[in-house]
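The values are calculated or read from the model by the stated rules, or taken from the named source; none is laboratory data. Everything numeric here is computed off the predicted structure, so don't read it as measured data. Positions of Cβ are generated from backbone atoms using ideal geometry, with glycine treated the same way; all protein chains shown enter the neighbour counts. Just so you know, the surface numbers come from the protein's heavy atoms only, side chains and all, with ligands and any DNA or RNA stripped out. Shrake-Rupley method; radii C 1.70, N 1.55, O 1.52, S 1.80 Å.
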Amino acid sequence: EPAIAAAAIELAVAITGSEIGYVHLMNDDQVTIELGTWSAATLRQCTAVYDRHYPISQAGVWADSARHRRACIHNDYQALAGKRGLPEGHVHLVRHLGVPVLGSDRVVLLMGVGNKPTDYDRDDLACFQALAEHAWVLIRRRREQAALELAERQFRDLQELAVISIWQWDPVERTLLVDATAGRIFGADFAGGSPCAIDALLRVVDARDHRVLRAVLEGPADDASFGIDLRAVRSDGAAMTVHFRGAAYPRTQGHGIILRGILQDVTERRELSRIKYQAGHDGLTGLANRAALLAELEAALRNRRRRPDRGFAVHFVD
């Protein structure tokens, strides 16, 4: 983003024949300016420094483009009444042309040039305004791209932490695409990252679950959505449980659907659930046991202390 701003202001200085120039961003509060980018020639003449929140109330008439939301030409800057101050260390201004850029009915960017040997005119203004608006388009696109890149990095970090594999199934071409994380789930022998047949997945899924896996992949409806647990075997022979979730999405080209979803090893989670269930239930009858009863009573007592109006009763049958 700073590179875009720097390139824009150097071009603006060149096309208007100015000596100095700046690009500043308007903060969301609309009352402060982020002083950030000056042309190379400007920096050789002044010691103005970056300021994240420079109040518009302190700015001179050079910031009128922000106040009035329109371009301002000052061909005799020093003769202006009430011109007020410039940021500390700023170069002496003789002439000034400032333009705002609006986005969603808010001022988002200010660009200015100064000290052209002759007066600024309407041609300077029109060309400069167009350049400023194009610079904002590029900055906005870069921000959108950066946001997408950040979201993708965060997603991949979460994917790595949770060991989640992303898959895609084409029911017409009958091709399965599974990312490389599948190798961490099923073991190094499971290749990911390139299209393959469903057989690659069937080889690691227990034969008892082949029918249900084929059913969700081979006959999907346009609004298909599913989540199933599959018994599987790692390449080292260890038994495991994987959660296979997916949904149907329209093809980006042509007609029909594509199935996309996630694949996650839930063996440990399922084992913890099984242990927790066994701890609170009788192995023969499946009924809640003494430990479950005590836990329920403790929870009821805690709730009673928080809400005295909510009583409870115990009916004991021996």
request  = Within segment 281-292, track down each residue that is charged (D, E, K, R) and open to solvent by 90 Å² or more (accessible area, probe 1.4 Å).
outcome  = 290
ask   = In the list 278, 253, which residue meets the criterion of being open to solvent by 50 Å² or more (accessible area, probe 1.4 Å), more than 21 Å from residue 178 (Cα to Cα) and of a type in the set (S, T, N, Q)?
value = 278
key: Exclusive hit being loosely packed, with under 12 Cβ neighbours inside 10 Å, under 26 Å from residue 173 (Cβ atoms) and basic (Lys, Arg), set 211, 305   = 211
Filter result for the condition that a residue is surrounded by 13 or more Cβ atoms within 10 Å (Cβ to Cβ) and either assigned to a helix (DSSP H, G or I) or at pLDDT 80 or above (or both), over 246, 227 = 246
Any hit, segment 57-78, residues being more than 16 Å from residue 132 (Cα to Cα) and within 27 Å of the chain's Cα centre (by Cα) = no
query = Which residues, taken from segment 273-289, are aliphatic (A, V, I, L, M) and in a helix (DSSP H, G or I)?
reply = 275, 279
message = Suppose the filter is open to solvent by less than 60 Å² (accessible area, probe 1.4 Å), farther than 30 Å from residue 185 by Cα and free of Cβ contacts under 8 Å to residues at least 60 places away in the same chain; does residue 295 pass it?
response = yes
request  = Just name the residue that is modelled with the highest pLDDT out of those in segment 173-203 that are within 25 Å of the chain's Cα centre (by Cα) and assigned to a loop (DSSP other than H, G, I, E, B).
outcome  = 179
key: Residues located in segment 135-160, provided they are of a type in the set (Phe, Trp, Tyr) and either in contact with a Lys or Arg (Cβ under 8 Å, 6 or more places away or on another chain) or at pLDDT below 90 (or both)   = 155
Scope segment 256-273; condition open to solvent by 80 Å² or more (accessible area, probe 1.4 Å) and in contact with a strand residue (DSSP E or B) (Cβ under 7 Å, 6 or more places away or on another chain); matching residues = 260, 270
remark   = Checked pairs for segment 301-317, first modelled with pLDDT under 90, second in a helix (DSSP H, G or I), C-beta under 7 Å and 6 or more apart or across chains, list as 310/303; 310/304; 311/304; 312/300; 312/304
Any chance residue 51 is out of contact with any strand residue (DSSP E or B) (no Cβ under 7 Å at 6 or more places or on another chain) and not small (Gly, Ala, Ser) = no
query = Mind checking whether some residue in segment 261-270 is over 25 Å from residue 158 (Cβ atoms) and either touching a Cys at 6+ places or on another chain (Cβ under 7 Å) or at pLDDT below 85 (or both)?
reply = no
request  = Report yes if residue 305 is outside any loop (DSSP other than H, G, I, E, B), farther than 30 Å from residue 241 by Cβ and not aromatic (Phe, Trp, Tyr), otherwise no.
outcome  = yes
